[in-house]
1. Picking from A:191, A:165, which residue would you name as being away from chain B (no Cβ under 14 Å), buried (at least 22 other Cβ atoms within 10 Å of the Cβ) and touching a helix residue (DSSP H, G or I) at 6+ places or on another chain (Cβ under 6 Å)?
2. Using beta carbons and a limit of 7 Å, which pairs, at least six apart or on different chains, have the first residue in the stretch B:16-40 and on the phi > 0 side of the Ramachandran plot and the second one part of a helix (DSSP H, G or I)?
3. Is at least one residue of the stretch A:438-452 closer than 26 Å to residue A:323 by Cβ and within 11 Å of chain B (Cβ to nearest Cβ)?
4. Exactly one of these conditions fails for residue A:186: (1) surrounded by 23 or more Cβ atoms within 10 Å (Cβ to Cβ); (2) more than 14 Å from every other protein chain (Cβ to nearest Cβ). Give me its number.
5. Working only within the stretch A:194-215, note down all residues that are away from every other protein chain (no Cβ under 14 Å) and within 24 Å of the chain's Cα centre (by Cα).
6. Just the residues that are surrounded by 23 or more Cβ atoms within 10 Å (Cβ to Cβ) and either more than 25 Å from the chain's Cα centre (by Cα) or over 18 Å from residue A:508 (Cβ atoms) (or both), please, taken from the stretch A:252-267.
7. Of all residues being farther than 14 Å from residue B:149 by Cα and out of contact with any strand residue (DSSP E or B) (no Cβ under 6 Å at 6 or more places or on another chain) in the stretch A:237-254, which is farthest from the other protein chains (Cβ to nearest Cβ)? Just the residue, please.
């Protein structure tokens, strides 16, 4: 009995010790210094899709919804929602006592103004607002979305913060247009508030002491958000060697976008921890379907048959941990993963390509392929693809531009046949740019329109997954794009920063993260 | 001299006008669209077009030019497309770093380049001269990028004596200790430029040393130090001074590699980033300011000849 009591006491003491160490470990304080590759153009999330902007702005601004660790939409500023009239009316209830960084309480008036500005001027807004007839306040803490026809992806659209519908005070949103708002208007509801933009030096955020955190458990971007750091400082450091040396020298705590060929060295270095980002990106070659030689579907199929993606990924991303040969347009760990038609992916069959090209009536005409040197991985991939196409008998004219020039030229269907770009991770396929008929490439066939329409109107998730599979099959048959494969960026962080685990999400976030 | 100075100052106006037309034309001949860069890869052509209209980029080029030049001559260089703030304030925010780097690098260049060049010339063809020339050759041929990263690895990562990168403002914080951020960049920049000044000083000195009046000075029994300083160095320095003027201008605006390696918010990297972003007002504004500086520093260099050599007049 006495022995049991002693053991129990020791156990209680041990548990208390563990708890006290844990509490001590998660104390608030410190400035997290983040070395990023460049300065973002603006932090206005509604009209800018730069990842650099999102990495910073997600700490300032919040949307009605966000994504959990499974990339399913979950409420953030919303309390919940009700879908009525067969999906034509959605009522979103708002959380109460949420305040903006200027102290004002968020109400339905702010939400309506923010959604309207995003719907009219936001980069991704029109995708959702093509289906919305009206947005109205329903009392102070609820908003009604009136749909012209059911649109199943509305939650995902409201949850995707990059170019997405973040909520700001109505007095700012009512006066905003397509131009990014100015820094003095960076007023959100997030755990950090914007405090300073020292041009060329840093962007600084400070903990918002009156932050109204959710009470549900943190999961992905969802749930409770606790700001442990006093300040977050985002510093532009364009040179990768400087980011690494700066972190090793103790001048930075987190450095983003490391090179693939440094992966092994950095993993072996005990002064840094390596974090692979979960959000898979992929390279894509667009075909000009409006004008020129690539309007020939058979020829596009020939090009698809010619390319083996393994050397492409190897050259561009290096270490195998950083890429997957995945023919499914959506990554493997998502509900959207599909094996439909992926046997046509990465065949590298020059014989078949020649046969298909002959059937297409191809006689060695020049194929203008635009690529960029602004991003090393894009350039490396483009060169290997061009080489393979040349070996398969295509007359490739590889034209190299800086990104700004390429982004401008691709809008002119007269000057190109193929161009290379990349697509960031999206949690719902409706967000893919190549589905837009106005995006360069101009994929706009009756079959595609029908499938996209069915996809957006299906309200059941299983049905949506099925239709997405059909769309993927159509992608491999019609060949509007060529997917290279999934790749993962990786960052490094000093070992004293805790809370990440092995990986980070699409964009690294710094709530629920602390200094040991 | 005053008439000369006034005449030279007047030449700034046509120089700026011609430079502005060239800059403006080249900027707008360059393909690429600032609106597309700002909105990102996912923007549709309609959205890009709307933003272009909002920014006034769809107006005829000559109207854009006249608007810009009218503002430029009264000190308003327009608004940065990327930063959404006045170009003058963007340049001002970068000027501190560039001016301090140029200033401290020049001090290093002068204190290394001129004495070593003089000693090398005086001790011509001795081991000391060969050592100096070897050093100059090495300093000139090491790539700035490599030197910068290696200085960083030695002094920041391994020894931990100096910060690796960045530069917090001295003016805003009032903290002179922030100047330590500039030690490695200035050393990196001084190395190749000192080499140039060493070689130039040495060759100018050697040229003058073979002149008859130097032999006369020695024959008169003057002390060797007096011959070297008064008769050789003073006559040889004019070509070095002109090189220093150009070096200073280059350091103010053309230190892109060093600014990139040390992540410094200077004018050089601002120009390169602005070209990539097609931020026309910033590119035009910086070049406008640099042209003014160029003319002014050239004028100062020319005026300094008169002080160094009384035979030079400005009538």
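The values are calculated or read from the model by the stated rules, or taken from the named source; none is laboratory data. All figures in this text were calculated on a predicted structure; none of them were measured in a lab. FYI the Cβ positions are ideal-geometry reconstructions off the backbone, even for glycines, and counts take in every protein chain you see.
1. Details: A:191 fails: touching a helix residue (DSSP H, G or I) at 6+ places or on another chain (Cβ under 6 Å).
Answer to the selection: A:165.
2. Between residues of the stretch B:16-40 that are on the phi > 0 side of the Ramachandran plot and residues that are part of a helix (DSSP H, G or I), the close pairs are B:32/A:404; B:32/A:405; B:32/A:408.
3. Narrowing the stretch A:438-452 to residues closer than 26 Å to residue A:323 by Cβ: A:439-441, A:443.
Checking which are within 11 Å of chain B (Cβ to nearest Cβ) leaves us with A:439-440.
Yes, the conditions are met somewhere in the stretch A:438-452.
4. Status for residue A:186: all satisfied but (2).
5. Passing the criteria: A:194, A:205, A:213, A:214.
6. A:260
7. Applying the first criterion (farther than 14 Å from residue B:149 by Cα) to the stretch A:237-254 yields A:250-254.
Narrowing the set further to residues that are out of contact with any strand residue (DSSP E or B) (no Cβ under 6 Å at 6 or more places or on another chain) leaves A:250-251.
On the way: A:250: 7, A:251: 5 Å.
Among residues in the stretch A:237-254 that are farther than 14 Å from residue B:149 by Cα and out of contact with any strand residue (DSSP E or B) (no Cβ under 6 Å at 6 or more places or on another chain), the one farthest from the other protein chains (Cβ to nearest Cβ) is A:250.
This table checks each residue for (1) part of a helix (DSSP H, G or I); (2) without any contact (Cβ under 8 Å) to a residue 60 or more places away in the chain; (3) more than 14 Å from every other protein chain (Cβ to nearest Cβ).
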site: B:138; (1), (2), (3): yes, yes, yes
site: B:150; (1), (2), (3): yes, yes, no
site: B:198; (1), (2), (3): yes, no, yes
site: B:206; (1), (2), (3): yes, no, yes
